[in-house]
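*Asks:* I have a structure I would like to understand better, so I am pasting it below and will then ask my questions one at a time.
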Ligand code: 13P
Ligand code: SF4
């Protein structure tokens, strides 16, 4: 069978298996193009968390990285949650452990703990409230404490600090993709596209954020391109987002700020792995009940915010 016919067959198999399993495909904005094209929902971490909690279906196939599938499993304990690429992890989420968080809490007993959704279930379980890149500022301002231990992304923590009087103590974690984007790249992109707006993700360094016109989550960036009167945009986040931008904003031109901004873990999902996971119901993501119960409290506090 030639390659195109092989791909078409796998896509057919996925559609059939999805129906048989009563499965939904939740797909992050950084996933490979062909996976995005099969999605029931493509979105940012917040949208996908809400969907995991509310969408019908026996099985959730989570095309993303481990913490996203864990969050889905925490919010939908009765559903079978599959992560087709078993080794797809987020290196930033691994930059803090539950034991390290406990030490920080002992050091700052009066502080609230806000954890970025890019954390393990254990770290979420030790946190007061979760946040995503779409609502970090709102979450930080929602807690009653004046001091906040913010884990693990120092860049998102410092970004939230710009919009609050509270004292944020950022953990020293970072995204290995966004933290590498430099002000020099922003200046070069602006020189190449002088009429373009610069849109960046808040995981970027403060000095990159200083040069941007707009800072938003991945879906926030897509919304900004779709609704802006401008025609050209420089996109400062992982390049997988360009697929949706091309499909959903056909009259606009989007240029990657850093064409090397590729999250290798997000690219581990393949059509074959999606088909196999639906066929075998593996790899399945589960979270022990006691950890899930505490982590769910932190996530649901976030989801309850208006
Ligand atoms: P979003 O929630 O903005 O999609 O970000 C997730 C992520 O991992 C960014 O690197
Ligand atoms: Fe983690 Fe960065 Fe990849 Fe997002 S882009 S999943 S933060 S490594």
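Only the coordinates and a few stated rules stand behind these numbers; no lab work does. These numbers were taken from a predicted model, which means no experiment stands behind them. Virtual Cβ from ideal backbone geometry, glycine too; neighbours counted across all protein chains shown.
*Asks:* Sort 254, 90, 63 by Cβ crowding within 10 Å, fewest neighbours at the top.
*Replies:* Fewest-to-most Cβ neighbours within 10 Å comes out as 254, 90, 63.
*Asks:* Under a plain spin-label model, where a point goes 7 Å from the Cα along Cα-to-Cβ, how far apart in nm are residue 259 and residue 141?
*Replies:* Reported label-point gap for residue 259 and residue 141 is 4.0 nm.
*Asks:* Suppose the chain between residue 297 and residue 5 were pulled fully straight at 0.36 nm per residue; how much longer would it get relative to their current alpha carbon spacing?
*Replies:* 100.5 nm
*Asks:* Quote the FRET efficiency, to the nearest 0.05, computed for residue 290 versus residue 22 with a Förster distance R0 of 25 Å and r equal to the Cβ-Cβ distance.
*Replies:* The computed FRET efficiency comes out at 0.30.
*Asks:* Would any residue of the stretch 115-136 have its amide N under 20 Å from a label point 7 Å out along Cα→Cβ of residue 163? List them or say none.
*Replies:* Zone members listed by number: 115-119, 128-136.
*Asks:* How do 55, 4 rank when sorted from fewest to most other Cβ atoms within 10 Å of their own Cβ?
*Replies:* The order, fewest Cβ neighbours first, is 4, 55.
*Asks:* Which residues does a label at residue 37 reach in the stretch 254-275, if reach means a backbone N under 13 Å from a point 7 Å past the Cα toward the Cβ?
*Replies:* Hits in the stretch 254-275 for residue 37 at 13 Å: 271.
*Asks:* Using mean Cβ contacts within 10 Å as the protection proxy, how do 27-35, 279-287 order, highest first?
*Replies:* Taking the mean over residues of other Cβ atoms within 10 Å, the ranking is 27-35, 279-287.
*Asks:* Based on the alpha carbons, how large is the Rg to Rh ratio for the chain when Rh follows Kirkwood?
*Replies:* Rg/Rh: 0.97.
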